[in-house]
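Trainee: Pasting a structure here, questions to come.
The values are calculated or read from the model by the stated rules, or taken from the named source; none is laboratory data. If you're wondering where the values come from, they're calculated on a predicted model, not measured in any experiment. Neighbour counts are summed over all protein chains in view; Cβ atoms, including those assigned to glycine, are modelled from backbone coordinates with ideal geometry. Side chains included, ligands, DNA and RNA excluded: accessible areas come from the protein's heavy atoms. Shrake-Rupley method; radii C 1.70, N 1.55, O 1.52, S 1.80 Å.
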Amino acid sequence: MHLLPEGVRRLAAWCAVILLVTGVAWVVLRVCEAIRTAVVPVLLALLGAALLGPLFRWLVKAKVNRSVAALLTCVAVVAVVGGAAYIVVSALIDTGDQIIDSLRRAADFLTEHFGTPGTSLDDLQAQARKLLGRFGGTAASSLVTGAGVLGETVAMALLALLLVFFFLRDSGRVPGALRSLAPHGTADTLDAVARRAFQSVEGFMRGTTVIALIDAFFITVGLLILRVPGALGLGALVFVGAYIPYLGAFISGTVAVLVALADRGFVIALWVLGVVVAVQVLEGHVLQPVIQSRTVQMHPAVVLVALAAGAAIAGVLGMLLAVPMTAAAIGVIAELRSRFENPAD
């Protein structure tokens, strides 16, 4: 090795480090995939605890017992999430036929003017029926598998809710536990890194929820003024999509524009496009800098890469978890740099 130039030795060292880190990360991902029924509830519970932390701390400051405060917080989240899910599902059910019919007419319009023969929805539906008739046994097997997946999802949701309760109730013991597990001389660093990571996730979750509410409100108002059918359902879609940055807004905005194009014509579709773009500009230049000014600011390219990686690893769930986990990682890196960076640099 000493016969090699200094630059080559440095390159070899960095390559070895990169290979080692990549190998460890790959093993961790494979292990997490094997025990996903335990890992996913833990991650969801951490996100829930980050979002509900302020309410829990407010109850504790009001002299409420920690266990009671955690229980009340969980009851509140069940009521809020259940109510929100009821509103979203009701809005989608009430306006779902209008949205689907409008999307159908929009697809026919686009196919007629820009498509090729054999690509209309009727043709696709006929092909789908043939496939279902040919692979009926496979469809029945998929139905049974889907029922199993549904049961697994419900079990993971219940486990996540229980973990939220314990994470909130015992949050005061976490610093002591981390310090007891830290190697000699690293307790302060580990405590600071853990706090910074959790604060990043907490800020991201709170900021994203507020921004999602504002986006959904303004877009729903705009759709109601323009008399676009299914405005409430489209607004609910905007709120849900806001938790997947950029991609969710693009999908929900595209659906709104297509619905307006099919039902209200080209001019109204342009107005809807203007409303969606205006809300996104408001979000990017006003809401995010103000609401998330104290949290981790991520470049759009970093967010898109994180979404792509999350989708490749765990599908839609990976896309939901990718950005907050990236925010936590960036917070950890920033904390480590602030502690170990040479002041002369």
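Trainee: Can you find a residue that is touching an Asp or Glu at 6+ places or on another chain (Cβ under 8 Å) and in contact (Cβ under 8 Å) with a residue 60 or more places away in the chain anywhere in the stretch 236-247?
Mentor: Yes - at least one qualifying residue is present in the stretch 236-247.
Trainee: Can you spot a residue in the stretch 179-197 that is without any contact (Cβ under 8 Å) to a residue 12 or more places away in the chain and either within 23 Å of residue 318 (Cα to Cα) or of a type in the set (Asp, Glu) (or both)?
Mentor: Checking the stretch 179-197: at least one residue is without any contact (Cβ under 8 Å) to a residue 12 or more places away in the chain and either within 23 Å of residue 318 (Cα to Cα) or of a type in the set (Asp, Glu) (or both).
Yes or no, residue by residue, for (1) under 18 Å from residue 307 (Cα atoms); (2) open to solvent by less than 10 Å² (accessible area, probe 1.4 Å); (3) among the hydroxyl-bearing types (Ser, Thr, Tyr); (4) in a loop (DSSP other than H, G, I, E, B):
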position: 195; (1), (2), (3), (4): no, no, no, no
position: 200; (1), (2), (3), (4): yes, yes, yes, no
position: 210; (1), (2), (3), (4): no, no, no, no
position: 213; (1), (2), (3), (4): no, no, no, no
position: 229; (1), (2), (3), (4): no, no, no, yes
position: 237; (1), (2), (3), (4): no, no, no, no
position: 244; (1), (2), (3), (4): yes, no, no, yes
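Trainee: For the stretch 49-68, which residues satisfy the criterion of being in a helix (DSSP H, G or I) and either in contact with a Cys (Cβ under 9 Å, 6 or more places away or on another chain) or free of Cβ contacts under 8 Å to residues at least 12 places away in the same chain (or both)?
Mentor: The answer is 52, 57, 58, 60, 61, 68.
Trainee: Go through 42, 81, 27 for me and flag whichever is at pLDDT 85 or above, assigned to a helix (DSSP H, G or I), under 21 Å from residue 319 (Cα atoms) and within 21 Å of the chain's Cα centre (by Cα).
Mentor: Within the list 42, 81, 27, the selection yields 42.
Trainee: Quick check: is even one residue across the stretch 319-327 open to solvent by 60 Å² or more (accessible area, probe 1.4 Å), within 30 Å of residue 25 (Cα to Cα) and either modelled with pLDDT of 80 or more or hydrophobic (A, V, I, L, M, F, W, C) (or both)?
Mentor: yes
Trainee: Which of the residues spanning the stretch 178-193 are open to solvent by less than 70 Å² (accessible area, probe 1.4 Å) and either more than 32 Å from the chain's Cα centre (by Cα) or within 12 Å of residue 334 (Cα to Cα) (or both)?
Mentor: 186, 192, 193
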